[in-house]
Amino acid sequence: MTVRNAAIYCRISHDREGRALGVAKQEEDCRALAERLGWEVGHVFVDNDLSASVHGKKPRPGFEDMIRRVEAGEFNAVLAWSTSRLTRRPMEHERLIPLFWERKIPISTVKAGDIDYTTARGRSRARDDARRDAEEAEETSERVERDVQRRAEAGEFHGGHLPFGIDADREIIRGKVKYVRFRHHTTDAPRVRDAARRLLAGETVYGIAKDFGMQPRTLKRAITNPAIAGLREYNGQFYPTPWEPIVDREDWERVCEILSDPSRRTSETNQRKYMLSGLVYCHCGNRMTSTSAKRTEGPTYECSPTKTGGGCGRARIVMRPLEEYIAEQVFTRLDSPDLREAMARESGGVDDKERELRKAVMDDEQRLVELANERDDNLIGEAEYRRRRARLTDRLEANRMTLERTTRKRARTNPPPGAELRAVWADKGSVWKRTILASIIERIDIGPHPVNPDTGRLFTSAPPRRKGEDHEAWRKRFDLHRARVFASRVYVTWLV
Ligand SMILES: [Zn+2]
């Protein structure tokens, strides 16, 4: 009789059998079986908490190690608790068959008896078992998937961590801790809203995260999460969440778009540093990029043959004078009575609904204070206080959101008059200016540098000073010259 040196294989997994049977129990039963069969136990191979189902893609190091050592002739028998402990993948059986058949290596299981790869009948049974196991595993995963799908469609919370910006109460339902009564987090939700607003205004994740004392990566993850727009993604579809959106879906999508812009990722710290960043286009169609003050005339916008997809590389325009020129155009345009009238017609200004909302918010803020006073004076109990405060803050939050939406929309379609803007312009930073400009200007196209009709040569950026000409007179000529050049080169597409 052949002396059998057996390998024991144990696996614990997420399935019912795996959960019920510890590895220790599997090993104990296999050792008892080995004793009954008169086999020696050479080694115990263990894969812990891994799935060997048809969907399981995780490698099983214990299993692979065992097969390698069986191939090397170290063992001439295998013991497992059941066939499904050994493998649930039909493909794996096909891999084992030649090895075990050729070497006449028996496999014995505690639960299902022997797997006999050496006879046709045994192989057919092993294949049937594997097919049944695989079917069962597929059905289980289908059932799980259907359940997840149903819950997504019903707008239920998917479980796991609460998204950043969302708060909820914990309750024990049927022995499990569950989140109930979802609401906006009192400190994190305003941050999410603030971060989205500032990003859309051209600020960087880096700068905003620094203000919040957060890691940029954490902030980025938080504000690109569909959960903040009241959405949950499942199988490429969006479903509603059990909480109200913190930001508009449209804004959230724009935030995601901005943060996935590859040109932004490479130079996140200096993006949107200049007031016309991202608005200036070359006549070849390429977006012009800003260059730092390495030239004598100061920073410029240039058509780069390498950045932003590659342009003609032939256009360049000095930044500061262009900014001044554009600002002047904006002031003039915004002061045009025709335009103001048209815009007023379109936006309707502050309407009754907005006034009502503002009043409702102020009233509720006052009520919150009064409520706290009542509690402090023991006019109402703690439970009553909490209940009424929760109701108030819910309404307050919803009204604040609507209000913010309407005022923002009005700001977009109703910029301040030119004279007002001109008065504060010099004191404002480039981020502020860019926000204003981006709401007024769609794009600025820069034409080729014009040719002087008198000389047939390119206009130089500055006319030479005439003999005996004082600075002021020269400056006047210079400005006129530049205005002419800009008027022929710079074309603004207006949003308003
Ligand atoms: Zn170009």
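Taking the stretch 73-96 only, how many residues are under 49 Å from the mean Cα position of the chain (by Cα) and either of a type in the set (Phe, Trp, Tyr) or open to solvent by 10 Å² or more (accessible area, probe 1.4 Å) (or both)?
10
ILE208: over 14 Å from the mean Cα position of the chain (by Cα), within 30 Å of ASN286 (Cβ to Cβ) and of a type in the set (Val, Ile, Thr), yes or no?
yes
Only residues in the stretch 98-115 that are in the same structural domain as LYS25 (by TED's automatic domain parsing) count as the first member; pair them with residues that are open to solvent by 50 Å² or more (accessible area, probe 1.4 Å) and in a strand (DSSP E or B), Cβ under 7 angstrom, at least 6 apart or cross-chain, and list the lot.
PRO106/ASP114; ILE107/ASP114; SER108/ASP114
Across the stretch 221-264, which residue is modelled with the highest pLDDT among those that are open to solvent by 70 Å² or more (accessible area, probe 1.4 Å) and assigned to a helix (DSSP H, G or I)?
ARG221
If only one of ARG193, ARG183, ARG217, ARG198 is assigned to a helix (DSSP H, G or I) and under 25 Å from LEU392 (Cβ atoms), which one is it?
Of the residues listed, the single one that is assigned to a helix (DSSP H, G or I) and under 25 Å from LEU392 (Cβ atoms) is ARG193.
What helices (runs of 4 or more DSSP H) completely inside the stretch 54-170 contain at least 1 residues that are hydroxyl-bearing (Ser, Thr, Tyr)? It would help to see each step written out before you state the result.
Working: elements: 61-71, 83-86, 90-103, 120-153.
Where helices (runs of 4 or more DSSP H) fall fully within the stretch 54-170 and carry at least 1 residues being hydroxyl-bearing (Ser, Thr, Tyr), they are 83-86, 120-153.
The values are calculated or read from the model by the stated rules, or taken from the named source; none is laboratory data. Keep in mind it's a predicted model, so treat the numbers as computed, not measured. Methodologically, a virtual Cβ is constructed for each residue, glycine included, from the backbone with ideal geometry; neighbour enumeration extends over all protein chains shown. In case anyone asks, the SASA skips ligands and DNA or RNA and just uses the protein heavy atoms, side chains included. Shrake-Rupley method; radii C 1.70, N 1.55, O 1.52, S 1.80 Å.
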